[in-house]
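The structure appears below as structure tokens.
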Amino acid sequence: MEFTNYSLYLSRLIMTTSKSILHTLAYFDVFKHPLRVEEILAYLPIQEGEHSILLQLEDLIEKKQVFEHLQYYSLSNDKTYISDRIKFEKNADKAIPNAVKYGNLIRKFPFVKGVMISGSLSKHIMKDDDDIDFFIVSAKNRIWLCKTFLKLYKVFYLKNSYDFFCINYFISEANLHIKEQNTYTATELKTLIPLGCNHLHKELMHSNLWANTFLPNFISNREIKVAETIKKFALSTFFEKIFYGKFGLAFDFLLMNFNKLRNSVKYRKIKKEKDYQLRLRSTMEQIKVHADNQQINTMKALEERKKSLELRQTR
């Protein structure tokens, strides 16, 4: 099993079921997102069975460390969490057809090899102000051309609207390995829903086996049936021929450096921060535009909740 943080791996081996449940609920408490039993099992950081989880939940409820309502479990006794989640699930049901529509549209663009639904919708949640996030796999050495064509379409045809799709994460088929190894990244990775491109999805999971250490029980049961391959636009085929070979590689490299310069100006206030490269990654293998720093903010909030749980248990 691939895993770089050996001390964290050992700590998971000795983690109790009760503590694991609390940590799992703590992570989703950051998003005010209560869980059902089967979801607790899926997101648990240790291997465990559902029967054992149910027994531990009964004990935690009795100790008032966990609260249950309508078969949803949470660290909070705020019942609006449950009503909101039910509402957001209904929103997600309505959003799925649009996600398929625009996901299939993205698949037709030049140098797009695969498209997967990510973000909130991949967890079957859609808040009122959420957009549809896509994780996009590009052709080797054409990641910036891939993004540029999609960005041009979004700016000029969709008026740069986020209502239809958000294209802030690209990865090249040349290297599907994701550097960050934590609960946030593992959750985002494991919950991806491929639109066709099942072979790429399998390769992505195989290239990131480290995620199994964080979510050893997780089995994706969300599947959207679409054609495995899709016919490209005639213009897409034309542009793929134009930017073939060394010319395409040079142009992609030029676009990368232009975007690096653009980001350094646009985000100059955060350029000196140590997590700048994490938030705004610009390489020939990955593109990330996450200026809001959600990953680090989520992990910080999780650690705060864990400390709060430990303090509560020592009282």
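Could we say that residue 238 is exposed (fewer than 15 other Cβ atoms within 10 Å of the Cβ), out of contact with any Ser or Thr (no Cβ under 6 Å at 6 or more places or on another chain) and assigned to a helix (DSSP H, G or I) here?
yes
Looking only at residues in the stretch 66-112 that are closer than 17 Å to residue 130 by Cβ and among the β-branched types (Val, Ile, Thr), which one is surrounded by the fewest Cβ atoms within 10 Å (Cβ to Cβ)?
The selected residue is 86.
Run residue 223 past the list (1) at pLDDT 90 or above; (2) more than 30 Å from residue 18 (Cα to Cα) and report the number of the one that doesn't hold.
(1)
Check whether at least one residue in the stretch 277-285 is part of a helix (DSSP H, G or I) and either of a type in the set (Val, Ile, Thr) or free of Cβ contacts under 8 Å to residues at least 60 places away in the same chain (or both), and report yes or no.
Checking the stretch 277-285: at least one residue is part of a helix (DSSP H, G or I) and either of a type in the set (Val, Ile, Thr) or free of Cβ contacts under 8 Å to residues at least 60 places away in the same chain (or both).
Just checking, does the stretch 64-73 include any residue being modelled with pLDDT under 95, among the aliphatic types (A, V, I, L, M) and either in a helix (DSSP H, G or I) or on the phi > 0 side of the Ramachandran plot (or both)?
The answer is yes; a qualifying residue exists.
Do you know which residues across the stretch 145-192 are modelled with pLDDT under 95, in a loop (DSSP other than H, G, I, E, B) and β-branched (Val, Ile, Thr)?
178
Working only within the stretch 269-287, note down all residues that are charged (D, E, K, R) and modelled with pLDDT of 80 or more. Can you show your working first?
Start the filter on the stretch 269-287 by keeping residues that are charged (D, E, K, R), which leaves 269, 271-275, 279, 281, 285.
Within the stretch 269-287, 281, 285 qualify.
Of 208, 221, 217, 212, which residue is farther than 17 Å from residue 134 by Cα and without any contact (Cβ under 8 Å) to a residue 24 or more places away in the chain?
Matching residue, one of 208, 221, 217, 212: 221.
A quick yes/no check of all residues on (1) more than 26 Å from the chain's Cα centre (by Cα); (2) closer than 23 Å to residue 168 by Cα:
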site: 219; (1), (2): no, no
site: 227; (1), (2): no, no
site: 235; (1), (2): yes, no
site: 250; (1), (2): yes, yes
site: 274; (1), (2): no, yes
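The values are calculated or read from the model by the stated rules, or taken from the named source; none is laboratory data. Quick caveat: nothing in here was measured; it's all calculated off a predicted structure. Positions of Cβ are generated from backbone atoms using ideal geometry, with glycine treated the same way; all protein chains shown enter the neighbour counts.
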